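Worksheet: the structure to be examined is printed underneath.
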Amino acid sequence: MTEQTMSNATIAAQSMAFCTTCGEKIAKAAVACPKCGAPNSLAEPMTSEKRMVPAALLCFFLGALGIHRFYVGKVGTGILMLLTLGGLGIWTLIDLIMIIVGAFKDKQGLPLAR
Ligand SMILES: [Zn+2]
(Lines give C-alpha, C1' and ligand atoms only; values in the text may rest on other atoms or scores of the structure.)
Protein backbone atom coordinates (compact mmCIF):
# COMPACT_ATOMS: atom_id res chain seq x y z
CA MET A 1 0.00 0.00 0.00
CA THR A 2 1.47 3.35 -0.99
CA GLU A 3 1.53 6.31 1.31
CA GLN A 4 -1.12 8.01 -0.81
CA THR A 5 -3.66 5.20 -0.53
CA MET A 6 -2.95 4.94 3.18
CA SER A 7 -3.74 8.58 3.78
CA ASN A 8 -6.88 8.24 1.67
CA ALA A 9 -7.91 5.25 3.75
CA THR A 10 -7.30 7.25 6.92
CA ILE A 11 -9.52 10.06 5.68
CA ALA A 12 -12.24 7.56 4.77
CA ALA A 13 -11.96 5.86 8.15
CA GLN A 14 -12.36 9.18 9.92
CA SER A 15 -15.59 10.05 8.13
CA MET A 16 -17.02 6.53 8.18
CA ALA A 17 -18.37 4.47 11.03
CA PHE A 18 -19.83 1.02 11.44
CA CYS A 19 -23.42 0.46 12.39
CA THR A 20 -23.55 -1.01 15.91
CA THR A 21 -26.56 -3.12 14.96
CA CYS A 22 -25.78 -4.65 11.57
CA GLY A 23 -22.13 -3.69 11.02
CA GLU A 24 -22.86 -1.82 7.80
CA LYS A 25 -20.35 0.89 6.93
CA ILE A 26 -22.12 4.22 7.29
CA ALA A 27 -21.13 7.88 7.20
CA LYS A 28 -20.29 9.10 10.67
CA ALA A 29 -22.55 12.09 10.14
CA ALA A 30 -25.51 9.90 9.14
CA VAL A 31 -28.39 10.10 11.57
CA ALA A 32 -29.33 6.47 11.08
CA CYS A 33 -28.03 3.35 9.36
CA PRO A 34 -29.41 3.25 5.80
CA LYS A 35 -29.45 -0.56 5.86
CA CYS A 36 -31.22 -1.42 9.10
CA GLY A 37 -32.47 2.00 10.22
CA ALA A 38 -30.78 1.87 13.61
CA PRO A 39 -29.90 5.32 14.93
CA ASN A 40 -26.22 6.16 14.59
CA SER A 41 -24.96 6.74 18.11
CA LEU A 42 -21.82 8.47 16.81
CA ALA A 43 -23.73 11.17 15.00
CA GLU A 44 -23.98 14.43 16.84
CA PRO A 45 -27.55 15.63 17.05
CA MET A 46 -27.83 18.10 14.25
CA THR A 47 -30.70 20.27 13.23
CA SER A 48 -31.42 22.22 10.11
CA GLU A 49 -30.55 25.89 9.87
CA LYS A 50 -34.18 26.29 8.80
CA ARG A 51 -36.70 26.74 11.57
CA MET A 52 -39.92 24.94 12.35
CA VAL A 53 -42.17 27.96 13.00
CA PRO A 54 -41.68 29.73 9.64
CA ALA A 55 -41.97 26.38 7.87
CA ALA A 56 -45.28 25.69 9.64
CA LEU A 57 -46.60 29.18 8.83
CA LEU A 58 -45.56 28.90 5.17
CA CYS A 59 -47.11 25.45 4.97
CA PHE A 60 -50.34 26.67 6.57
CA PHE A 61 -50.79 29.75 4.39
CA LEU A 62 -48.94 28.83 1.19
CA GLY A 63 -48.65 25.07 1.53
CA ALA A 64 -50.64 24.31 -1.60
CA LEU A 65 -47.92 26.13 -3.54
CA GLY A 66 -45.17 24.11 -1.85
CA ILE A 67 -43.55 27.27 -0.47
CA HIS A 68 -42.49 25.53 2.76
CA ARG A 69 -40.62 22.96 0.64
CA PHE A 70 -38.80 25.73 -1.22
CA TYR A 71 -38.01 27.22 2.21
CA VAL A 72 -36.24 24.07 3.43
CA GLY A 73 -34.44 23.64 0.08
CA LYS A 74 -36.59 20.82 -1.34
CA VAL A 75 -37.04 22.59 -4.65
CA GLY A 76 -37.83 19.48 -6.70
CA THR A 77 -40.73 18.31 -4.57
CA GLY A 78 -41.69 21.97 -4.07
CA ILE A 79 -42.27 22.32 -7.80
CA LEU A 80 -44.14 19.02 -7.84
CA MET A 81 -46.30 20.24 -5.00
CA LEU A 82 -46.93 23.52 -6.80
CA LEU A 83 -48.03 21.67 -9.95
CA THR A 84 -50.35 19.33 -8.04
CA LEU A 85 -51.61 22.09 -5.68
CA GLY A 86 -50.18 20.23 -2.72
CA GLY A 87 -51.61 16.92 -3.86
CA LEU A 88 -55.01 18.68 -3.79
CA GLY A 89 -54.31 19.68 -0.20
CA ILE A 90 -53.69 16.21 1.16
CA TRP A 91 -49.91 16.31 0.73
CA THR A 92 -49.83 19.79 2.25
CA LEU A 93 -51.84 18.62 5.25
CA ILE A 94 -49.46 15.70 5.78
CA ASP A 95 -46.48 18.08 5.54
CA LEU A 96 -48.06 20.45 8.06
CA ILE A 97 -48.54 17.60 10.53
CA MET A 98 -44.96 16.42 9.90
CA ILE A 99 -43.64 19.93 10.58
CA ILE A 100 -45.66 20.30 13.79
CA VAL A 101 -44.61 16.92 15.19
CA GLY A 102 -40.99 17.61 14.23
CA ALA A 103 -40.69 14.87 11.63
CA PHE A 104 -40.22 17.18 8.64
CA LYS A 105 -36.69 17.16 7.23
CA ASP A 106 -34.81 19.72 5.18
CA LYS A 107 -32.86 19.08 1.98
CA GLN A 108 -29.98 17.51 3.94
CA GLY A 109 -32.36 15.27 5.87
CA LEU A 110 -31.90 17.27 9.06
CA PRO A 111 -34.87 17.96 11.32
CA LEU A 112 -35.96 21.57 11.45
CA ALA A 113 -34.72 23.67 14.36
CA ARG A 114 -37.29 24.51 17.01
ZN1 LIG B 1 -27.36 -1.06 10.48
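The values are calculated or read from the model by the stated rules, or taken from the named source; none is laboratory data. Treat the numbers as computed from the prediction; the structure is a model and nothing was measured. When we count neighbours, we look across all protein chains shown, and the Cβ atoms used for this are built from the backbone with ideal geometry, even at glycine.
Residues in segment 26-60 that are small (Gly, Ala, Ser) and in contact (Cβ under 8 Å) with a residue 40 or more places away in the chain: how many?
Counting residues in segment 26-60 that are small (Gly, Ala, Ser) and in contact (Cβ under 8 Å) with a residue 40 or more places away in the chain gives 3.
In segment 36-51, which residues are touching a strand residue (DSSP E or B) at 6+ places or on another chain (Cβ under 8 Å) and within 10 Å of the ligand (Cβ to nearest atom)?
Passing the criteria: Ala38, Pro39, Asn40.
Keeping to segment 1-41, report how many residues are assigned to a loop (DSSP other than H, G, I, E, B) and either of a type outside the set (A, V, I, L, M) or at pLDDT below 70 (or both).
Number satisfying all stated conditions: 16.
Among the residues of segment 35-62 satisfying the criterion of being crowded, with 17+ Cβ neighbours inside 10 Å and in contact with a Leu (Cβ under 6 Å, 6 or more places away or on another chain), which is farthest from Gly89 (Cα to Cα)?
Restricting to residues being crowded, with 17+ Cβ neighbours inside 10 Å and in contact with a Leu (Cβ under 6 Å, 6 or more places away or on another chain), the top hit is Ser48.
Any residue at all in segment 81-96 that is among the hydroxyl-bearing types (Ser, Thr, Tyr), buried (at least 19 other Cβ atoms within 10 Å of the Cβ) and not in a helix (DSSP H, G or I)?
Applying the first criterion (among the hydroxyl-bearing types (Ser, Thr, Tyr)) to segment 81-96 yields 84, 92.
Filter once more, so that each one left must be buried (at least 19 other Cβ atoms within 10 Å of the Cβ): 92.
Checking which are not in a helix (DSSP H, G or I) leaves us with none.
Taking every residue of segment 81-96 in turn, none turns out to be among the hydroxyl-bearing types (Ser, Thr, Tyr), buried (at least 19 other Cβ atoms within 10 Å of the Cβ) and not in a helix (DSSP H, G or I).
Could you please find all residues in segment 63-80 being over 13 Å from the mean Cα position of the chain (by Cα) and either of a type in the set (D, E, K, R) or surrounded by fewer than 15 Cβ atoms within 10 Å (Cβ to Cβ) (or both)?
Val75, Gly76, Ile79 - these are the residues of segment 63-80 that are over 13 Å from the mean Cα position of the chain (by Cα) and either of a type in the set (D, E, K, R) or surrounded by fewer than 15 Cβ atoms within 10 Å (Cβ to Cβ) (or both).
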